[in-house]
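Only one structure is covered here, and it is reproduced in the block below.
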Amino acid sequence: MPADPVSSLPSLSTRRLWYLRGVRAAFSIPGLILASAFIGFAGLAKEAGLTLAQTVFMVGMVWALPAKVVLIGAILSGASLPAAAFAVALSSIRLTPMVVALVPELRGPKTPRWVLYFLSHFVAVTSWVLAMERLRGIPRELRTSYYAGLGSTLVLFNMLVTAVVYLVADSLPPAVSAALFLLTPMYFLTSLWGSARERAGHVAMVLGLILGPLLHLVVPGFDLLGAGLIGGGAAFACHRLSRRKAPA
Amino acid sequence: MTFDAIDAWWWPFLFILVGGWLATDAWRFLGVYLGDRLSEDSDLLVLVRALATALVAAVIGNLIVFPSGALVDTALALRIGAAGGGFAAYLLLGRKILVGIVAAEFILLVGLWIK
């Protein structure tokens with residue numbers, strides 16, 4: 001087919017240029033903070049008795065950090081595979097709305113579906129926040145190249161970080177080790193607050209923070225689901241009420 | 001069917017694949033599928049986001065209150081103080097993630113040093 005002069009596809013070298021710009025975007029402050037959270041994760045996985053290969057495999061295949069932390073928690077508590085998958089699936093529902101929000105930004109006029117499905121694997125808090133912030137300033141037909149560079153670099157670099165930390169974790173003094181374990185919750189605490197789109201998100205977060213540990217004491221095993229349903233439902237109810245009161 | 005149930009090299013990997021990869025990428029793929037069918041500010045999405053946010057927040061709360069690894073040996077009050085102080089620093093000092101993390105780690109390490 002002859003090339004359409006108006007909407008011709010970008011050349012391979014243009015794509016490579018934008019891919020590399022995406023790679024560079026991975027080495028930013030949010031990217032480095034994410035790497036620090038993976039330092040904490042490597043310690044967590046080792047503590048749970050996972051081998052180096054299993055830990056690095058988990059980073060590459062699951063990628064989203066909350067899902068991995070939940071999976072490790074399930075392994076630690078001796079959960080069966082269906083129970084573990086269910087808990088991980090619950091903790092990852094948020095990926096759907098994130099991807100829903102990203103796809104219209106990411107998609108070019110001729111982007112094949114399989115490219116979007118492939119790229120969606122890289123969606124987790126950090127790459128999503130970076131993409132939502134920067135994709136707008138990138139030519140539409142090159143956004144998939146940029147995000148491929150950003151996402152793949154974040155995944156591969158953090159697989160490396162996890163492997164290195166796993167190997168040296170035992171030789172760390174306890175205070176440093178404790179500080180590393182605090183990195184993951186602190187990273188989530190701040191980034192989750194920052195990524196909330198509406199006030200309901202903040203209400204849901206505060207309720208979840210309180211309900212999680214509370215329900216863990218009262219109904220262990222149902223704590224995450226319960227906190228999600230009660231906290232999220234209450235936050236949504238507040239959202240509806242405040243909207244009804246607001247003038248149209 | 002636990003992580004240690006079957007004594008074969010491939011079992012933990014299959015466990016991670018089904019319990020981790022399938023359970024996360026299924027949602028990502030659903031997101032692509034729904035991507036151009038749902039409006040970003042529809043109330044259904046607000047509800048889904050609120051449920052998901054509360055759930056992840058519960059994970060965070062449990063990591064702080066019922067920690068694992070080296071944090072087990074620290075006092076609950078110190079962990080909550082460090083997380084709370086770090087979060088307050090994040091809110092008050094320009095909402096920088098790095099500021100929140102550094103403040104929390106500082107409080108934790110000072111607390112461990114005093115003890």
Checklist entry - For segment A:38-85, how many residues are surrounded by fewer than 18 Cβ atoms within 10 Å (Cβ to Cβ) and within 24 Å of A:TRP128 (Cα to Cα)? => result 1
Item to check | Any hit, segment A:51-58, residues being facing chain B (nearest Cβ under 7 Å) and either in contact with a His (Cβ under 7 Å, 6 or more places away or on another chain) or modelled with pLDDT under 85 (or both) | outcome: no
Checklist entry - With respect to B:ALA103, is the statement that it is within 13 Å of A:LEU189 (Cβ to Cβ), in contact with a Phe, Trp or Tyr (Cβ under 9 Å, 6 or more places away or on another chain), crowded, with 17+ Cβ neighbours inside 10 Å and more than 7 Å from chain A (Cβ to nearest Cβ) true? => result yes
Next on the checklist: Regarding segment A:187-203, can at least one residue be identified that is of a type in the set (Ser, Thr, Tyr), over 11 Å from B:ALA58 (Cβ atoms) and touching a Lys or Arg at 6+ places or on another chain (Cβ under 6 Å)?
Outcome noted: no
Item to check | Qualifying positions in segment A:128-142 - assigned to a helix (DSSP H, G or I) and farther than 16 Å from B:PHE29 by Cα | outcome: A:VAL129, A:LEU130, A:ALA131, A:MET132, A:GLU133, A:ARG134, A:LEU135, A:ARG136, A:GLY137, A:ARG140, A:GLU141, A:LEU142
Checklist entry - On the given criteria, is B:TYR90 surrounded by 15 or more Cβ atoms within 10 Å (Cβ to Cβ), in contact with a Gly (Cβ under 7 Å, 6 or more places away or on another chain) and over 28 Å from A:VAL219 (Cα atoms)? => result yes
Checklist entry - Inside segment B:29-115, counting only helices (runs of 4 or more DSSP H) that do not spill past its ends, which hold 1 or more residues that are farther than 26 Å from A:VAL176 by Cβ? => result B:43-65, B:76-92
Checklist entry - Within segment A:100-109, can one find any residue that is at pLDDT 90 or above and out of contact with any Lys or Arg (no Cβ under 9 Å at 6 or more places or on another chain)? => result no
Item to check | Pairs where the first residue, in segment A:129-145, is modelled with pLDDT of 90 or more and the second is outside any helix (DSSP H, G or I) and charged (D, E, K, R), C-beta under 6 Å, 6+ apart | outcome: none
Checklist entry - Scanning for something surrounded by 16 or more Cβ atoms within 10 Å (Cβ to Cβ) and over 30 Å from A:GLU133 (Cα atoms), does segment A:233-247 turn up at least one residue? => result no
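The values are calculated or read from the model by the stated rules, or taken from the named source; none is laboratory data. No experiment lies behind these values; they were computed from the predicted model shown. For neighbour counting, all protein chains shown are included, and Cβ atoms are generated from backbone atoms with ideal geometry for every residue, glycine included.
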